[in-house]
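Working notes, beginning with the structure itself.
The values are calculated or read from the model by the stated rules, or taken from the named source; none is laboratory data. It should be emphasised that the depicted structure is a prediction, and the values quoted were computed from it without experimental measurement. Note that we place each Cβ from the backbone using ideal geometry, even for glycine, and neighbour counts take in every protein chain shown. When the accessible area is computed, the model is the full protein with side chains, heavy atoms only, and any ligands, DNA or RNA have been set aside. Shrake-Rupley method; radii C 1.70, N 1.55, O 1.52, S 1.80 Å.
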Amino acid sequence: PPVQLDVEATVNKIGSKGMLLHPVLQPRRVNRNQLLLLVDQDGSMAPFHSLSERLVHTAIPGGRLGKAGIYYFHNCPSQYLYQDPYHQVAEPIAEVLSVLHSEYTGVMIFSDAGAARGAFNQERLELTAEFLQQLRQKLRYIAWLNPMPRNRWQGTASEIAKLVPMFELSRQGLNEAIDVLRGKSTTKMV
């Protein structure tokens, strides 16, 4: 039912009629956008736990999204994503992806991509490439948020950054990642 004020239409009506008899109402908007937030937990990400917790707690209420799903992994998702940061409640990746709508869902990955260690890990790169391909088969908008500064993206991280838009965890980087998830920009790759 029309319950929200349509400000522009009401102003136009006042302009054309010369007075306001009835405001123009419109049906309530429903935000269908969904966020799948994937958080790398443990190992080299241990120093960033407080940042990941803040990101998780901000994404749920602050994003004003239709739905936000938070899952955890270690280094690279291969078969399962975990519903808790302690990796005790597992869900197959295929099941997680099966309930997402490709038009409305964006994926934000929060991980150092191996940048904290700075080495090259072929297995991690291959597993990440496979996972990203699995995501792309279902979803269009994917962004990677890296807590390490760009000048530390060496080895595996620099190769992963060639596969997906990757951004530093800064105000500008977060804004650019959100733009990718909104479909505004996909050109930011190292």
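Quick notes on this one:
- Whether region 82-190 is rounded, prolate or oblate, judged on the alpha carbon gyration tensor where a/c under 1.5 counts as rounded: oblate
- Virtual spin-label span in nm between A129 and H87, 7 Å along Cα→Cβ: 2.4 nm
- Spin-label model distance (nm) - Q79 vs Q154, 7 Å beyond Cα toward Cβ: 3.5 nm
- Local electrostatic count, S111, Cβ distance below 14 Å [Lys/Arg +1, Asp/Glu -1]: -2
- Using alpha-carbon coordinates, inclination of helix 122-138 to the longest axis of the chain, degrees: 20 degrees
- Antiparallel DSSP beta bridges within the chain, percent to nearest 5: 25 percent
- Three-way shape call for region 135-180 based on the alpha-carbon gyration tensor, with the a/c threshold at 1.5: oblate
- Taking all protein chains as shown and a probe of 1.4 angstrom, I14 keeps an accessible surface of around 70 Å².
- Candidates P85, P47, P147: whichever shows maximal mean-square fluctuation once the chain is modelled as a Gaussian network with Cα springs under 10 Å: P47
- Distance between the modelled labels on A94 and M19, one decimal in nanometres: 6.8 nm (7 Å Cα→Cβ projection).
- For the chain, the Cβ-based charge dipole about the Cα centre amounts to some 880 debye (Lys, Arg positive; Asp, Glu negative; other atoms uncharged).
- Accessible area per residue (1.4 Å probe, heavy atoms of protein chains only) ranks H74, H87, H22 as H22, H74, H87, with the largest value leading.
- Note on Cα Rg over 2.2 N^0.38 Å: of the candidates (i) 0.99; (ii) 1.25; (iii) 1.20, the value calculated from this structure sits at (ii).
- The local environment of H87, defined by Cβ-Cβ distances under 12 Å, has a net charge of -4 under the rule Lys, Arg +1 and Asp, Glu -1.
- Computed from Cα positions, the angle between helix 171-181 and the longest principal axis of the chain comes to roughly 80 degrees.
- With protein chains left intact and a 1.4 Å probe, residues in the chain average 58 Å² of accessible area per residue.
- Surface composition of the chain: carbon plus sulfur atoms hold 51% of the accessible area, using a 1.4 angstrom probe and ignoring ligands, DNA and RNA.
- Dipole magnitude for region 52-144: computed about the Cα centre from +1 point charges on Lys and Arg Cβ and -1 point charges on Asp and Glu Cβ, it is near 320 debye.
- Principal-axis analysis of the Cα atoms of the chain puts helix 7-17 at an angle of about 20° to the longest axis.
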